[in-house]
Amino acid sequence: MRNFILIFIFLLKTNDYFGQFSIHGTYDSYLANSFYDKDSLSFLVSHSAVNRMDLNLLELEVRQEYKHLTLHFAPAMGSYMRRNYASEAFWRRNVYEAYAELNVKKTKVAYGSFSSPYTQETPRGVDQLLYTRSLSAEYVPYYVAGLRWTQLWSEKFTSQLFLTNGWQRLNFTQVRPSIGALFQWKFDTWNLNWSHFYGDVAPIGKIPPELALNRWRYFQEVNANYKQGTYEFQVCGFAGMQRQQQQNLWWGQANFQLRKTFNQDWCVNARAEAFYDPNQVVSSFGKTVFTSLTLGYIKHCGPVLQLGQELRYFVGQQAQIPLLYSFLRLKF
């Protein structure tokens, strides 16, 4: 017994010095069939290719965790990275996340680049209700760069504050930083997230006076998740305001998602959403409401592999686009 205790203490001390190393990842490929006469959906970044097989995202998460320090590096490739990181420096175009985080009791402070704190969906997508992402997730920053302060106030309430380079920008802009926030409440059957952005969308470096009047953007988003038995619901809504030509222009969206799980192997899901951007601040949908209806299923083949299909139908002033997605995902 004494020897066992000595070995246990030795392992604890070893972990303090050498830490814990782990590798995880996701793989996401799909085929979207449609009579749409173009080879891609210009208003989407994720799952935008039409009538051809496409690798949306292959991402690895490499972590080294010590007692008070976490080093996180997530290289990635796929059409999501090519379409979304094309304007970044070449050495950052295949980095999904990269940060160092200090952890002291209930406080964490991190510096680097992070995936988006906005909406309930991420590009990884493996643990979300539906396969495709809603329009809400397509029109927020997909990533931010700078400082992140995470505080666990209680078992039910956590906050994150961000000081970043701006609205989805990795390079230092040489202008005043932007402010972001995420407040999370977690209960037994439901969760609530409330996120914010207030900051600068001006280009890098010194800007002319007329552009200085049109550089501010304000954004708030709320999403909630409720799970009861074999049913799970999600609702998300956001509104943004942009200063342009001495006017305050706004846009917004709302979506509702539902999943019904029949057993551990498979489930069906559905989504209804509407996006309104009459002044085309962040989109090009036109002055009317742009909507989408989605219905699909997911088959879990063990703890790693997911197969499934989704019918998605976009309806707007400029186009009506039906799509059938067939997908394969891995979580490892």
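Do we have TRP251 as surrounded by fewer than 19 Cβ atoms within 10 Å (Cβ to Cβ) and not hydroxyl-bearing (Ser, Thr, Tyr) here?
For TRP251, the condition - surrounded by fewer than 19 Cβ atoms within 10 Å (Cβ to Cβ) and not hydroxyl-bearing (Ser, Thr, Tyr) - is not met.
Please go through the range 285-313 and pick out each residue that is in contact (Cβ under 8 Å) with a residue 40 or more places away in the chain and either part of a strand (DSSP E or B) or touching a Ser or Thr at 6+ places or on another chain (Cβ under 7 Å) (or both).
The answer is PHE290, SER292, THR294, GLY296, ILE298, GLN306, GLY308, GLU310, ARG312.
May I ask you to list pairs of residues, at least six apart or on different chains, whose Cβ atoms are under 9 Å apart, with the first in the range 215-230 being in contact (Cβ under 8 Å) with a residue 12 or more places away in the chain and under 15 Å from GLY166 (Cα atoms) and the second being among the hydroxyl-bearing types (Ser, Thr, Tyr) and surrounded by fewer than 17 Cβ atoms within 10 Å (Cβ to Cβ)?
Pairs found: TRP216/TYR198; ARG217/TYR198; TYR218/TYR198; PHE219/TYR198.
Please verify whether TYR131 is buried (at least 21 other Cβ atoms within 10 Å of the Cβ) and within 22 Å of ALA181 (Cβ to Cβ), treating the condition exactly as stated.
So TYR131 does not fit the description; no.
Please go through (1) modelled with pLDDT under 90; (2) farther than 24 Å from GLU273 by Cα; (3) of a type in the set (Lys, Arg) for ARG124 and return the number of the only condition it doesn't satisfy.
(2)
Give all pairs with beta carbons closer than 8 Å in which a residue from the range 79-90 that is farther than 22 Å from TYR27 by Cβ meets a residue that is outside any helix (DSSP H, G or I) and modelled with pLDDT under 90; count only pairs at least 6 apart in sequence or on separate chains.
Once the first residue is farther than 22 Å from TYR27 by Cβ and sits in the range 79-90, its partners that are outside any helix (DSSP H, G or I) and modelled with pLDDT under 90 give GLU88/LEU170; GLU88/ASN171; ALA89/LEU170; ALA89/ASN171.
Provide a single number: the residues in the range 155-196 that are closer than 24 Å to GLU232 by Cβ and outside any strand (DSSP E or B).
5
Looking only at the range 43-78, filter to residues that are without any contact (Cβ under 8 Å) to a residue 60 or more places away in the chain and of a type in the set (Val, Ile, Thr); which one of those is surrounded by the fewest Cβ atoms within 10 Å (Cβ to Cβ)?
Per the stated criteria, the residue is VAL62.
The values are calculated or read from the model by the stated rules, or taken from the named source; none is laboratory data. Just so it is clear, the structure is predicted and the values come from calculations on it, not from any experiment. Cβ: placed from backbone, ideal geometry, glycine included. Neighbour counts: every protein chain shown.
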